[in-house]
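*Asks:* Below is the structure I would like to discuss, written out as structure tokens.
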Amino acid sequence: MTLSERDQQVIWHPYTQMQTAPAPVGIVRGEGTLLYDEEGNSYLDATSSWWVNIHGHAHPYIAKQLAAQATELQHCIFAGYTHPPAVNLAERLLPILPGHQQRVFYSDNGSTAVEVALKMCIQYWHNKGEKRTKILAFSNSYHGDTFGAMSVSSRSVFTRVFDDFLFDVHFIDTPTKDNIAALKAQVDALHPSEIAAFIFEPLVQGAGGMLMYEADVFDELLQHCHQHQIMLIADEIMTGFGRTGRNFAMENVSTPPDIICLSKGLTGGSIALGITTCTAEIYNAFLSDSKLKTLFHGHSFTANPMACVIALASLDIFLQPSCKENRVRVEEQHRQFAERLKSTPKIKNVRIQGTIIAFEIVTDTEDSYINQLGDYLHKFFKEKRIMLRPLGNTLYIMAPYCITNEQLDMVYKSIVECAEGL
Ligand SMILES: *Cc1c(COP(=O)(O)O)cnc(C)c1O
């Protein structure tokens, strides 16, 4: 039996209707932007393996650092004990983050990083003895799949079955020049002194359909919330580590976030790790003689040393000038491609933010995640040995930064071929 056939006997895949989904492709090896299946075919990873991979697959430097750590210390309880990788990573990361981030709290993935952020905010107000219970988020937001993270995510086909079990959140539209005054009025109408936190994906809403919004009006909204001491949670899980061009998307605004959530690119996309950072103001509100003010949260694998070492290795690569140069180059290529797309009638709403380009394929039906065209597009590109995973009729490219211009051209050409053949 092939790997794919064996899989179909025993595995339940994420976000997959197992009855109708095509057989999964068995991937046995990765190198740079390429992944190889069990028959030796290569696939160009144009979605960074679900947005996580920033430096390419099986990066030799990451592998070397991991191997060294694996013979030194693999795991150790993180309450009452500590270890060099966790401390080194926190020391190196905090100074390069936007705002005045002073503390690192480790967890396992993006969703847990969001859970921790929410618990920090809710308990921050509780510890200070203030009653702030409302939470603000954007329409079309996505912050993860655990219950707290789902609650602050826009209600959608993803959450429908669970909606009755999710806590209430106030959703507002992403800002534009036209609606910014109305948005601020909406915040005011909610009584800002009752709002504990505002969680957002800065500049790009990923799972919501790669929706993008402008930094200047966003900053105006953040400033308004900041004036009312609403805790600002920047979910940089997808945008962090260069995805939007700058190191972090929050570098595009002047209002400092109180909390930042990181995962995905944090480890270069090679192992799961989540981080929630916060300001001294938040951290200090948990300091007390009373144990009741403790943040009672932790996971068995909190601050796993091997994951932290990988994050440190990824950070080394990320901070090299060549990483930034690649991001600038990819963005330039996207801009040229966007020009070409203007003459492709089947494509609309072309938008770019750093290394991400997204657009909709024109259909007769509504733009949505469950749009049937998505399945067709997925199959089309799979046959071309390009990994693109459309969000319904929204197509986007989000490749590892090391993707070459030739490889980008190959992706661009097949997108035009696909659109023209529809
Ligand atoms: C992917 C994602 C998450 C959830 O991260 P997981 O590691 O998949 O749990 C949260 N927020 C944003 C913005 C994401 O893109």
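*Asks:* Between residue 339 and residue 130, what length comes free when the chain is fully extended (0.36 nm per residue of separation minus the Cα-Cα distance, one decimal in nm)?
*Replies:* Once the chain is fully extended between residue 339 and residue 130, it gains 70.0 nm.
*Asks:* Kindly provide the pair-distance distribution of the range 1-142 built from C-alpha pairs, with 10 Å bins from 0 and whole-percent values in order of increasing distance.
*Replies:* Going out from 0 Å in 10 Å bins, the range 1-142 shows 8, 21, 31, 25, 13, 2, 0 percent.
*Asks:* Between residue 29 and residues 5 or more places away or on another chain, which pairs have amide H atoms under 5 Å apart, with H built 1.01 Å from N, and which residues are they?
*Replies:* 36
*Asks:* Once the piece of chain linking residue 288 and residue 186 is laid out straight, how much longer is it, given 0.36 nm per residue of separation minus the C-alpha distance between them?
*Replies:* So the chain would gain 33.1 nm between residue 288 and residue 186.
*Asks:* Still on this structure: Give me the percent relative contact order of the range 159-224, please, defined on Cα pairs under 8 angstrom at least 6 residues apart.
*Replies:* Value for the range 159-224: 40 percent.
*Asks:* Among 255-261, 135-141, 210-216, how do they line up by average Cβ neighbours within 10 Å per residue, starting with the highest?
*Replies:* Going by the mean number of other Cβ atoms within 10 Å, highest first, we get 255-261, 135-141, 210-216.
*Asks:* Suppose we keep just the alpha-carbon trace of the range 62-319; what are its Rg and Dmax in angstrom?
*Replies:* 18.0, 58
*Asks:* Also, I was wondering about something else. Distance between Cα centroids, the range 178-214 to the range 92-115: provide it in whole Å.
*Replies:* If we compute the Cα centre of each part, the gap is 21 Å.
*Asks:* Accessible area per residue for the chain in Å², computed with a 1.4 Å probe and the full protein assembly in place, what is it?
*Replies:* 46
*Asks:* Select from 133, 302, 294 the residue whose mean-square fluctuation is largest in a Gaussian network model of the chain (Cα-Cα springs shorter than 10 Å).
*Replies:* 294
*Asks:* Give the separation of the Cα centroids, the range 16-69 to the range 316-369, in Å.
*Replies:* Each part's Cα centre sits 22 Å from the other's.
*Asks:* Would you mind getting me the FRET efficiency between residue 23 and residue 413? Use the beta-carbon distance for r and R0 = 25 Å, nearest 0.05.
*Replies:* In this case the efficiency is close to 0.40.
*Asks:* Next up: Helix-only estimate, please: 222 nm mean residue ellipticity of the chain, summing -39500 (n - 2.57) across DSSP H runs of length 4 or more and dividing by its residues, to the nearest 500.
*Replies:* Computed ellipticity for the chain at 222 nm equals -10500 deg cm²/dmol.
*Asks:* Mean-square fluctuation check for the chain, GNM, Cα pairs under 10 Å: which of 394, 146, 277 is largest?
*Replies:* Among 394, 146, 277, the largest GNM mean-square fluctuation belongs to 146.
*Asks:* Of 85, 345, 22, which is the most mobile in a GNM of the chain whose springs link Cα atoms less than 10 angstrom apart?
*Replies:* Of 85, 345, 22, the most mobile in the Gaussian network model is 22.
*Asks:* Here is a follow-up. Can you give me the relative contact order of the range 62-319 as a percent, contacts being Cα pairs under 8 Å and 6 or more apart?
*Replies:* Relative CO of the range 62-319 lands at 31 percent.
*Asks:* For a quick protection proxy, order the peptides 154-162, 399-407 by their average other-Cβ count within 10 Å, most packed first.
*Replies:* Packing order, densest peptide first, comes out as 399-407, 154-162.
*Asks:* In the full protein assembly as shown, how much of residue 342 is accessible to a 1.4 Å probe, in Å² to the nearest 10?
*Replies:* 150
*Asks:* A follow-up question, please. By per-residue mean of other Cβ atoms within 10 Å, what is the highest-first order of 50-63, 109-122?
*Replies:* The packing order, highest mean first, is 109-122, 50-63.
*Asks:* When the accessible area of the range 62-319 is split by element with a 1.4 Å probe, what percent falls to carbon and sulfur?
*Replies:* Working: 5890 of 10770 Å².
For the range 62-319, the apolar C and S fraction of the accessible surface comes to 55 percent.
*Asks:* Quote the FRET efficiency, to the nearest 0.05, computed for residue 12 versus residue 163 with a Förster distance R0 of 25 Å and r equal to the Cβ-Cβ distance.
*Replies:* On the way: r = 23 Å, r/R0 = 0.92.
The pair residue 12/residue 163 has a calculated efficiency of 0.65.
*Asks:* Would you kindly state how much longer the chain becomes between residue 383 and residue 70 on full extension, computed as 0.36 nm times their sequence separation minus their alpha carbon distance, in nm to one decimal? All intermediate terms of the calculation are to be shown ahead of the outcome.
*Replies:* Numbers: separation 313, 0.36 × 313 = 112.68 nm, distance 3.81 nm.
Stretched fully, the residue 383-residue 70 segment lengthens by 108.9 nm.
The values are calculated or read from the model by the stated rules, or taken from the named source; none is laboratory data. Everything numeric in this text was worked out from a predicted model, so none of it was measured. In this analysis, Cβ positions are derived from the backbone assuming ideal geometry, glycine residues included, and neighbour counts consider all displayed protein chains. SASA here: full protein model, heavy atoms, side chains in, ligands and nucleic acids out. Shrake-Rupley method; radii C 1.70, N 1.55, O 1.52, S 1.80 Å.
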